[in-house]
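Let me begin by presenting the structure, written as structure tokens, before commenting on it.
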Amino acid sequence: MSRVGVLALQGDVREHLRILESLGADAVEVKHPEQVEDIDGLIIPGGESTTIGKMAVRFGLLEPLRSAVRGGMPVYGTCAGMILLADAVTEGDQPLVGSLDVVVRRNAFGRQNESFEADLDVEGLDEFFRAVFIRAPWIEKVGSEVDVLATVEDHPVMVRQRNILATSFHPELTRDGRIHQMLLDMIGGK
Ligand code: GLN
């Protein structure tokens with residue numbers, strides 16, 4: 001059974017644990033640096049990326065996370081988690097895990113659209129995925145190694161680069177486990 005960590009510094013941790021368990025994974029909260037060595041894969045949840053980044057620095061987690069992701073551990077970032085995995089953000093300065101060769105714009109969909117839902121056509125899935133966006137980022141630039149798996153109005157909102165999967169929406173808020181299953185398949189080497 002795969003042991004999948006959910007970074008539990010801030011944000012919607014419990015929903016991810018629940019959905020991972022429903023898919024048969026051994027899901028654990030990750031709060032301490034030494035726990036990073038005991039997991040086969042990781043989810044960085046949504047929340048507030050500046051807060052999660054600062055707490056990761058304070059808890060001594062940023063460097064262990066960076067080396068695990070660089071070393072090829074499968075990782076999935078949702079919303080704020082996607083921002084943390086990005087190599088760069090369009091504005092400001094905040095601690096990032098990095099490795100995903102993209103530039104992300106935070107809160108990109110604007111005030112009128114602070115949160116919305118959309119039926120997304122996701123590469124690799126047979127049917128639409130009902131995606132919930134909350135103060136969501138979009139990806140403004142993608143590197144040559146990055147596959148775009150879904151877009152909204154031509155803006156990439158789901159990407160994969162080798163061991164890194166990222167969505168600007170929140171699949172843990174629906175009961176659809178198909179994107180979490182993609183992470184489990186990456187861990188299983190499928
Ligand atoms: N707006 C948040 C940020 O920039 C992300 C929102 C979310 O994770 N739902 O960090």
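Spin-label model, Glu117/Arg18: points 7 Å from Cα along the beta carbon direction are separated by 1.5 nm.
List the residue ranges in the chain for DSSP H helices whose C-alpha atoms run 15 angstrom or more along the long axis and whose Kyte-Doolittle average is 1.6 or above. For the chain, where a helix must reach 15 Å along its axis and average at least 1.6, there are no hits.
For segment 89-118 and segment 1-15, compute the distance between their C-alpha centroids and round to whole Å. Cα centroid of segment 89-118 versus Cα centroid of segment 1-15: 21 Å apart. Placing +1 on the Cβ of every Lys and Arg and -1 on the Cβ of every Asp and Glu, with nothing else charged, gives segment 70-175 a dipole about its Cα centre of roughly 380 debye.
Extension gain, Phe128 to Gln94: 0.36 nm times the residue separation minus the Cα-Cα distance gives 8.9 nm.
Counted by Cβ distance under 10 Å from Ala131, the other residues give a net charge of -2, where Lys and Arg count +1 and Asp and Glu count -1.
Dipole size of segment 47-99 about its Cα centre, with +1 on Lys/Arg Cβ and -1 on Asp/Glu Cβ: approximately 200 debye, rounded to the nearest 20.
Working note: 222 nm ellipticity from helices only, DSSP H runs with n ≥ 4, each -39,500 (n - 2.57), summed and divided by the residues of the chain, gives -6500 deg cm²/dmol to the nearest 500. Classified by the C-alpha gyration tensor, segment 69-190 has an oblate form. Its axis ratio a/c, with a ≥ b ≥ c, is 1.5 or above, and a/b does not exceed b/c.
The numbers here are math on the coordinates, done by the rules we state, and not lab data. Quick caveat: nothing in here was measured; it's all calculated off a predicted structure. All Cβ positions, glycine included, derive from the backbone under ideal geometry; neighbour counts span all protein chains shown.
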